[in-house]
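Enquirer: First the structure, then my questions, so here it is.
Computed from the coordinates by the stated procedures, all read-outs in this text should not be read as laboratory data. This is a predicted model, so every value here is computed, not measured. Neighbour counts run over all protein chains shown; Cβ positions are idealised from the backbone, glycine included.
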Amino acid sequence: MGFIEIFFKKNPKDITKEDVELFISKRIEENLNLDYKDIKAYDHFDELAKDISAFANSDGGLIILGVSEERVGEGKKLKIFPKEITWGDENLSREKLEDNIIAKIHPRIEGLRIVPVREGDSSSRVIFLIDVPKSSAPPHMASDHRYWKRLNFRRVEMEHYEIVDIFKARWVMREKLIENIYEPLASILEKHTKDLERFSVPSAYEIEEVLSRTYYKMQMDVGLWEELDDYIDQIKSLRKKELYISRLVSNIIKKNVLAHLGGKYPQLRNKLEISLKVTSEREGGTLDLHPQLLLEILLKNQTIKERLIKEYFGDIYEYNKMIVIIHDEITPTKKHYIDLDKFDEHIWKKCIKEASENDAITQFKESIDGLIEYAWNIIEEIVEY
């Protein structure tokens with residue numbers, strides 16, 4: 001939640017002229033987190049940069065650009081209240097204001113928001129709400145090459161020792177973030193990409209556990225934090241689809257295997273299950289093809305033999321028979337031996353074709369590819385820190 005939401009208690013896009021007038025009527029005094037500025041300040045980008053960087057270097061706050069000040073008292077008793085709305089010309093733009101401010105503050109303030117509020121329709125006069133978050137990467141230097149902070153309702157220049165202390169704290173925090181957040185996340189995401197390449201959707205638990213370290217999470221870049229939350233949502237959504245896809249692939253394999261066996265078994269009988277193994281001539285040379293491996297081979301459009309050659313190199317030539325094991329609660333377990341090459345040619349290629357034409361499987365593969373790319377993009381961002 002930003003300062004616009006805190007002060008106005010509304011979604012920024014829903015704030016109207018009436019909301020600003022009501023806010024002014026409350027006569028909230030300028031303070032550490034609130035500043036009023038006449039719209040005339042719009043073109044004084046250097047001064048605005050100082051004020052905005054001061055908020056970011058302190059506790060964050062809201063600048064209402066388009067409300068004049070009423071000063072009451074003097075010296076230490078001075079108080080500043082809002083006076084009236086000073087509407088700006090309809091041609092004043094958020095884009096120009098944002099571009100000029102960004103160009104005059106280094107480093108850039110992440111999460112800075114500028115929201116225009118118009119007097120009437122989209123072509124009418126305007127003021128601006130400038131929402132400045134407390135920076136996660138201070139200090140920020142203004143265009144005058146100085147560092148500013150907020151003190152009560154004033155902007156003051158930071159002392160040298162304050163700047164040094166902030167830089168020291170940043171480096172210490174950076175090391176802690178790398179140790180407690182970034183390195184673990186990069187390692188987990190790299191494992192995720194390997195799982196996803198095998199069409200096995202990983203759990204989001206490990207990432208959530210790292211992000212549960214709330215103190216360190218709050219020091220992270222907001223954009224990265226949001227990307228990780230989005231990635232977690234996509235992982236959870238894909239895991240829900242994974243079971244359905246596994247069953248779909250299992251049924252495709254079962255249907256084509258049973259069709260090849262010439263109708264010896266009722267097609268896809270509910271309690272009828274099959275399992276596949278490959279065997280060699282040598283004693284004990286049997287290899288289980290578990291469901292996850294079969295799903296991976298099928299979705300990669302590989303034949304069984306292609307995959308075994310890739311995984312076991314020359315040892316594949318030992319394997320020449322496919323064992324189809326059929327079992328249910330009624331019929332005793334039956335074994336059918338099929339030449340591996342014939343199995344690939346007459347059964348497995350039909351499975352590949354049917355899977356490639358299935359919309360749900362195609363969408364699942366595309367989601368996997370997208371998530372792999374997303375994971376690597378996040379890893380690259382993490383490495384930059």
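Enquirer: Could you please report the charge total around E98, scoring K, R as +1 and D, E as -1 over all other residues with beta-carbon less than 13 angstrom from its beta-carbon?
Expert: With Lys, Arg at +1 and Asp, Glu at -1, the net is +2.
Enquirer: Please list 3J(HN,Hα) in residue order for the range 117-122, calculated via the Karplus relation 6.51 cos²θ - 1.76 cosθ + 1.60 where θ = phi - 60°; whole Hz, with x for glycine and proline.
Expert: 10, 9, 5, x, 7, 5
Enquirer: Oh, and also: Sort the following peptides by mean Cβ neighbour count (other Cβ atoms within 10 Å, averaged over residues), highest first: 38-51, 13-26.
Expert: Descending mean neighbour count gives 38-51, 13-26.
Enquirer: Over 30 Å between Cα atoms: which of K241/K305; K194/K335; K191/K335; K264/K349; K10/K191 fall into that group?
Expert: K194/K335; K191/K335; K10/K191
Enquirer: Hey, what D do you get for the chain in µm²/s if you plug the Kirkwood alpha-carbon radius into Stokes-Einstein at 20 °C and 1.002 mPa s?
Expert: Working: Rh = 26.2 Å.
In µm²/s, the coefficient rounds to 82.
Enquirer: Looking only at the chain, where both bridge partners belong to it, what percent of the DSSP beta bridges are antiparallel (to the nearest 5)?
Expert: Approximately 90 percent, going by the DSSP bridge assignments.
Enquirer: Given Cβ point charges of +1 (Lys, Arg) and -1 (Asp, Glu) and nothing else, what value in debye, to the nearest 20, does the dipole of the range 3-158 about its Cα centre take?
Expert: 560 debye
Enquirer: Could you pull the Rg and Dmax for the range 66-118, using just the Cα atoms, both in Å?
Expert: Values for the range 66-118 (Cα only, Rg and Dmax): 15.4, 39 Å.
Enquirer: For the range 89-123 and the range 327-375, compute the distance between their C-alpha centroids and round to whole Å.
Expert: 55 Å
Enquirer: Work out the length of the dipole vector of the chain about its Cα centre, built from +1 on the beta-carbon of each Lys and Arg and -1 on the beta-carbon of each Asp and Glu, and round it to the nearest 20 debye.
Expert: Value, rounded to 20: 1080 debye.
Enquirer: For D59, what is the net charge nearby, where nearby means another residue's Cβ is under 11 Å from its Cβ and Lys, Arg count +1, Asp, Glu -1?
Expert: Residues near D59 contribute +3 overall.
Enquirer: Please give the net charge around I232, taking every other residue with its beta carbon less than 14 angstrom from that of I232, where Lys and Arg add +1 and Asp and Glu add -1. Mind dumping the intermediate values first?
Expert: Working: positive: K217, K236, R239, K240; negative: E206, E208, E209, E226, E227, D229, D230, D233.
After counting each charged neighbour, the total is -4.
Enquirer: If you average over every viewing direction, what projected area does the convex hull of the Cα atoms of the range 121-204 give, in nm²? Please report the intermediate quantities before stating the final value.
Expert: Values: hull surface 47.4 nm².
For the range 121-204, the mean projected area of the Cα convex hull comes to 11.9 nm².
Enquirer: May I ask you to derive the relative contact order of the chain, considering only C-alpha pairs under 8 Å and at least 6 residues apart, and to give it as an integer percent? Don't jump to the answer; show the numbers that get you there.
Expert: Details: 569 pairs, mean separation 52.5, N = 385.
So the answer I get is 14 percent.
Enquirer: Along the charge dipole of the range 154-276, pointing to its positive end and built from +1/-1 on Cβ of Lys, Arg, Asp and Glu, which listed residue (H192, S237, F167) has its Cα farthest out?
Expert: S237
Enquirer: Would you list, by chain and number, the lysines whose Cα falls below 22 Å from the Cα of K79, excluding same-chain residues fewer than 8 positions away?
Expert: K26, K37, K40, K50, K149
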